[in-house]
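Heads up, the thing below is written out as structure tokens.
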């Protein structure tokens, strides 16, 4: 239950006080907050962060119920049909070789640019290129079969990706993909 008013200054002071505690004092404070001693492998910094989180969660409220349920399912190893955000930033360039032709798509704030036209969906572009229904993110190698990210962002938020022309939808059994970054 979330309290109606929170004394922010008191919470900040309590968190600042935690930062000044030694390891033994942090372990005692952890045990008082969580009901058990912290694992021996946790560092002073991690213990302090966990205590600070607990203080804030008690004051402002913790995770929403649906987030707690999702985290519980993930911790048990259950599969969750949660689409991870792709976090593709404007300026990212996706390159796909298909049918002997190289197709370049640039991500812009309002969609995807392919051959000078802006599209709202990668799937529309993939369908136009292949003539068949494809998952656009999968076609361009942005999403692996398990929903995980297939590319890495560079320091500047840009990524270039070449997907080989023999790329087909990976089976659940395939563990590796053959994606390559294009050298700059």
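The values are calculated or read from the model by the stated rules, or taken from the named source; none is laboratory data. Just so we're clear, the structure is a prediction, and the values are computed from it rather than from any experiment. Positions of Cβ are generated from backbone atoms using ideal geometry, with glycine treated the same way; all protein chains shown enter the neighbour counts.
What the table below lists for this structure:
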| item | result |
| --- | --- |
| Any pair with Cβ under 6 angstrom, 6 or more apart, that starts in the range 54-83 at a residue that is closer than 29 Å to residue 8 by Cβ and ends at one that is modelled with pLDDT under 80 and assigned to a loop (DSSP other than H, G, I, E, B) | 61/2 |
| Spans of strands (runs of 3 or more DSSP E) in the range 87-163 with at least 2 residues at pLDDT below 65 and buried (at least 18 other Cβ atoms within 10 Å of the Cβ) | 160-163 |
| Filter pass, residue 42 being touching a helix residue (DSSP H, G or I) at 6+ places or on another chain (Cβ under 7 Å) and surrounded by 14 or more Cβ atoms within 10 Å (Cβ to Cβ) | no |
| Filter pass, residue 127 being in contact with a helix residue (DSSP H, G or I) (Cβ under 9 Å, 6 or more places away or on another chain), in contact (Cβ under 8 Å) with a residue 24 or more places away in the chain and farther than 30 Å from residue 26 by Cβ | no |
| Options 54, 76, 29; residue that is loosely packed, with under 12 Cβ neighbours inside 10 Å and more than 19 Å from residue 134 (Cα to Cα) | 76 |
| Subset of the range 59-72 that is loosely packed, with under 14 Cβ neighbours inside 10 Å and assigned to a helix (DSSP H, G or I) - its residue that is farthest from the chain's Cα centre (by Cα) | 60 |
| Flag if residue 75 is outside any loop (DSSP other than H, G, I, E, B), at pLDDT 90 or above and out of contact with any strand residue (DSSP E or B) (no Cβ under 6 Å at 6 or more places or on another chain) | no |
